[in-house]
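Structure record follows, encoded as structure tokens.
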Amino acid sequence: MNFWRRIADLPGWLKAVMLGQLVSSAGALAWIYLTLYLVDDRGLSAQQAGFAAAAYGVGLLGGNLGGGWIGDRFGLRPAAVGSQLTWAAACLAMPVVPNGVLAVTAVVAGLCGGASRPNLSALVATAMPADRRREGIALSRTASNAGFTIGPPLGGLLAAYDFSLVFVVDAVSSLVLAVVVWRWVPPAARVVARQVSGVWRALRQDRPTVVLLGAIVVVDTAYRQLFATMPLLLRDAGSPAVAYGVLIGLSSVVIVLLEAPLAVRLAGHQARRVIAAGFLLVGLGLAVLGVWPALVGAAVAVAVITAGEMLYKPTATAHVADAAPEGMVGRYSSLYAAASISGMFLAPALGGTAYEHVPALLYPAAAVLALAAAAAVTGAGERAVLPSGSTGRPSSGS
């Protein structure tokens with residue numbers, strides 16, 4: 001079966017959700033331009049705007065970590081819809097709240113937006129048979145990444161006219177996704193216990209998943225040096241800022257075009273080997289930056305790291321969902337979601353400090369960390385027992 005035929009064979013509701021994700025991602029503008037908005041339109045200093053953006057980041061991490069608990073307790077579908085609705089409300093509130101409560105609003109927005117991600121991932125993962133789960137996750141990421149290629153230019157145009165429109169468009173696109181999920185996602189096909197305890201006990205008996213989550217934290221911190229310090233590296237090498245933007249934009253295009261077909265091609269391969277290969281490529285790409293800190297070297301590095309990202313991200317997302325015991329898909333997805341954005345906070349702090357004091361060691365050290373994570377995942381082994389939740393149907397309460 002060719003790739004396009006496989007897409008045609010997806011459940012209709014899942015294709016609708018992915019279209020909703022594309023619309024939502026295309027409209028995800030508010031927090032891309034948050035700092036600029038706070039400085040230019042609200043008159044805050046750069047430091048004050050930075051604190052507000054950091055507050056959003058704290059909320060985002062909390063939402064990613066806690067969203068799955070809500071989904072397992074009340075159902076993935078209601079949790080996903082609720083998070084989109086509250087996110088839309090926070091977007092609409094941002095232009096009208098007083099300056100004194102901007103940080104609080106940003107925290108709430110981060111919590112709501114972050115909670116949506118693990119529940120949507122769990123919805124997609126549990127909708128697919130085990131042998132197509134990576135493919136479903138990759139297609140979901142493709143829809144989101146396609147939207148992200150549209151959003152920033154659109155946001156720039158809106159911001160030049162009226163910054164408030166950025167928040168309105170973000171809210172409306174989120175409402176579209178909420179309506180799609182509520183209207184087309186079917187109710188639960190199976191019933192599971194409503195308890196929310198036991199996930200830590202399950203993890204104590206699941207060393208491979210614990211090792212994988214820890215490795216994701218390490219690799220995400222290394223991988224996000226592309227965004228935290230590579231712009232500085234290229235600037236210091238004499239490259240214009242637009243060159244960095246072109247590299248990152250091309251990376252997104254490659255992901256949109258190739259990630260899902262690659263997931264289909266590799267569906268029969270052992271998940272941990274695919275993940276470890278992805279980590280290995282990330283490490284090799286970072287090593288290239290360590291020895292070739294110029295524009296051509298950065299282009300090679302981004303190509304290699306993008307290949308690694310396409311291998312490990314959809315595979316790891318699906319694999320963690322596979323490992324979840326009955327009724328814990330949302331919580332396991334939350335743990336993965338939190339681990340997978342940990343570099344947003346760790347990479348700038350650690351990378352910026354290293355770049356200031358020992359710049360020559362930053363990328364070799366990041367490469368070593370990624371390679372060590374690959375070795376750890378390879379050596380951790382697989383779960384001895386197959387997850388009981390591999391039913392290929394929507395999760396509880398959805």
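The figures follow:
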quantity	calculated
Residue tally, condition open to solvent by 40 Å² or more (accessible area, probe 1.4 Å) and of a type outside the set (D, E, K, R), over segment 57-94	11
Out of Val17, Val97, sole residue that is open to solvent by less than 50 Å² (accessible area, probe 1.4 Å), at pLDDT 90 or above and in a loop (DSSP other than H, G, I, E, B)	Val97
In segment 29-40, residue modelled with the lowest pLDDT [restricted to those that are open to solvent by less than 40 Å² (accessible area, probe 1.4 Å) and either in a helix (DSSP H, G or I) or touching a Phe, Trp or Tyr at 6+ places or on another chain (Cβ under 7 Å) (or both)]	Trp31
Subset of segment 199-220 (residues that are open to solvent by less than 70 Å² (accessible area, probe 1.4 Å) and among the aromatic types (Phe, Trp, Tyr))	none
Counted residues, segment 123-155 - those being surrounded by 23 or more Cβ atoms within 10 Å (Cβ to Cβ), over 12 Å from the mean Cα position of the chain (by Cα) and farther than 16 Å from Val185 by Cβ	4
Odd one out for Ala122 among (1) touching a Phe, Trp or Tyr at 6+ places or on another chain (Cβ under 9 Å); (2) at pLDDT 90 or above; (3) of a type outside the set (Val, Ile, Thr)	(2)
From Leu102, Leu120, residue being open to solvent by 10 Å² or more (accessible area, probe 1.4 Å), part of a helix (DSSP H, G or I) and out of contact with any His (no Cβ under 8 Å at 6 or more places or on another chain)	Leu120
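The values are calculated or read from the model by the stated rules, or taken from the named source; none is laboratory data. The shown structure was predicted, so the numbers you read here are calculated from the model rather than taken from an experiment. Reconstructed Cβ throughout: ideal geometry from the backbone, glycine too, with neighbour counts over all protein chains shown. Calculation scope for accessible area: heavy atoms of the full protein, side chains included, ligands and nucleic acids excluded. Shrake-Rupley method; radii C 1.70, N 1.55, O 1.52, S 1.80 Å.
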